[in-house]
Each structure stands twice: as C-alpha cells, then as structure tokens.
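Take a look at the structure set out below.
Quick note: the coordinates plus some simple rules give every number you see, no bench work behind them. Quantities reported herein were computed from a predicted structural model and do not represent experimental measurements. Here the Cβ is made from the backbone with ideal geometry for all residues, glycine too, and neighbour counts use every protein chain on show.
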Amino acid sequence: MTTSYYYLSSGKETAMYTLRFCPDPDDTYSNYICNLSTDADKAIQKAITRIANDPYPLDTSYADVSLREILRRNQEQIELDNQRKWEENIAKWTERSLELIKDGYSPFDKEYSDSYGMGGYESSTLLGHEKIVDIKQESINYWSSLVEFKSVVHEEMHKACKPLAINIPANANKHFGIVGEKVIIKAMIIDQDWYENEYGYGNDFVRKVKYVTENGERLVTKGADTTKFNESIFQETEDQLHMWVELEATIKSHNEFTPVDSDTTWKTTSLIRPKLIRVLN
C-alpha cells in the first residue's frame with residue numbers, strides 16, 4: 001500500500017534544503033512546504049520539528065547528497081554566465097562607442113533636458129551624446145593627454161581629442177594679489193555663466209566669468225550683462241572660451257569653497273571694476 005510522505009529536496013536553485021510533501025508516490029507532483037537550511041543535519045531537525053504531529057513519514061535520503069557540491073557547481077555556472085554577459089555587453093558598448101566617435105560624438109558625455117512642472121524639478125530626458133567639439137575643454141585635454149588606454153574606445157577618444165587640446169594652466173589653488181590692490185592681469189577665460197538678476201526683471205541678467213592666470217590662480221568677475229566690460233568681453237571674444245585677455249581690475253576678496261562631493265577646499269579671487277585692455281589671441 002502506497003502512502004503519502006514528506007521528503008527533503010534542494011529547492012529550485014539548489015541553494016538550500018527544502019521540505020516538500022508528496023501526496024501520491026506514484027505521481028511526480030509534490031507540494032513545497034518551506035525552506036530548511038543549507039546544513040543537512042539542521043535541515044533534518046527542522047523538518048522533523050515541522051511535521052512532528054503529522055502521521056506521514058519523512059524521507060531524508062536526499063540529505064546524503066552534498067549540497068555544498070551542488071552549490072559550488074551552481075556558483076561556478078553563475079560566474080561563467082555573468083562573465084559571458086559582461087563580455088557581450090562590453091562588445092556591444094565597444095561597437096556602439098566606436099560608431100559614435102567616428103561620427104564625432106563622445107560615448108562618455110550625454111545631453112539631458114530638464115522638465116519642470118508645478119512644484120519644481122520633475123525629471124531629465126536623455127537627448128543624446130554630446131559632440132566631441134562641445135565637451136568641456138578640461139575633458140578634451142584629459143583625453144588628449146592619455147598615454148595608456150583601458151580599451152580601444154579610450155584610444156580612439158584620445159585620437160579624436162588630441163587635435164582639439166588647449167594648454168590650460170593647472171589650478172594652483174592659491175589666491176591672487178592683495179585685497180584692495182589695483183592690478184593688470186593676463187588671464188585665460190575658462191568659463192562663462194548667466195543667471196537672472198534677483199533684483200531686476202526682463203532681460204536684466206548677471207554674467208559671471210571665470211579665469212585662470214598663467215600661474216594657475218583662479219579669478220572671477222561678476223556683473224550685469226549690460227555693463228561696458230561684459231559687453232566688450234562679448235564683442236571681442238564672441239563668448240568663446242580659452243581666449244587670453246589682459247584686464248585691469250581691483251581685487252575685491254579672497255574666497256574659498258568646498259564642493260559637496262569633495263574634501264578639497266579651493267581658493268578663488270574676486271575682481272571688481274574690471275576693464276578689458278585687449279584680447280591677446
């Protein structure tokens with residue numbers, strides 16, 4: 001006479017002993033009851049405790065099979081599968097990246113558009129990859145300076161950026177001059193930004209221009225977009241960056257700031273009453 005029984009199994013992923021119930025020994029169907037343990041002895045004890053008040057027998061023969069070996073083989077297979085998927089993804093990324101570089105785009109720099117609604121910022125939408133000629137000059141200089149390459153993509157990015165490289169003096173992280181001093185400065189424009197004047201309306205914007213001297217000091221001028229200085233900067237440089245200019249200005253203050261994602265404190269020097277003497281290149 002056949003009878004129903006409980007038995008130990010290894011579970012779907014063979015990662016742990018499980019308890020199952022077979023209502024009909026002549027059928028392959030069984031019911032999952034619970035997880036037990038990865039240790040055979042503990043699994044048996046938990047199973048016995050679980051069915052202590054049940055009349056059906058418990059088959060523990062499967063506990064003689066080494067779960068550790070099963071797990072080891074499964075882990076090896078998982079690692080092989082992960083390695084294969086990683087290699088496939090790298091191959092796809094490499095192919096796509098080389099196509100982008102060939103077309104003049106950077107696979108490492110993407111453009112996003114911000115969507116705003118009631119309550120402020122909502123989401124960013126990926127527009128695509130930035131053109132290599134439009135990425136930050138510091139990035140172009142980085143790629144052009146590489147001498148060792150992690151991949152063929154890095155090497156091709158280096159080749160694409162090398163003709164575009166410009167020598168920008170490294171940030172010396174020190175202040176320039178003496179506060180209150182009137183000076184004549186030779187500096188490179190490295191960044192320009194505009195934002196609405198909180199005290200004005202309409203087309204009243206503030207222009208913030210950042211510079212670096214030949215010795216690496218970082219300077220800043222800030223003022224209304226309609227000032228004579230900012231208008232002359234626009235007319236003479238057409239808003240192009242990395243142009244050398246000669247300025248006359250008064251040193252307003254020595255400033256320091258620490259970016260939220262950095263432990264380094266950077267020094268900058270603010271200038272007031274700037275006057276453009278000439279554009280040097």
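General remarks:
- Under 14 Å from the residue 98 label point (7 Å along Cα→beta-carbon), backbone N, region 135-166: 151-157
- Residues residue 127 and residue 277, FRET efficiency given R0 of 41 Å [Cβ-Cβ distance, rounded to 0.05]: 0.55
- Considering only 86, 113, 139, and ranking their Cα positions along the charge dipole of the chain that arises from unit charges at the beta-carbon of Lys, Arg, Asp and Glu, the one farthest toward the positive end is 139.
- Radius of gyration, Dmax [the chain; alpha carbons; angstrom]: 34.0, 108
- In this structure, the pairs whose alpha-carbon distance is over 32 Å, taken from 162/252; 162/267; 159/222; 102/267; 150/208, are 162/252; 159/222; 102/267; 150/208.
- Using a simple spin-label model with pseudo-atoms 7 Å out from Cα toward Cβ, residue 24 and residue 252 lie 8.8 nm apart.
- Springs between Cα atoms under 10 Å define the GNM used for the chain, and in it the highest mean-square fluctuation of 33, 184, 78 occurs at 33.
- Which of 178, 213, 158, positive extreme of dipole for region 143-269 (C-beta unit charges): 178
- Total charge dipole magnitude, the chain, about the Cα centre, Cβ charges on Lys, Arg, Asp, Glu only, Debye to nearest 20: 980 debye
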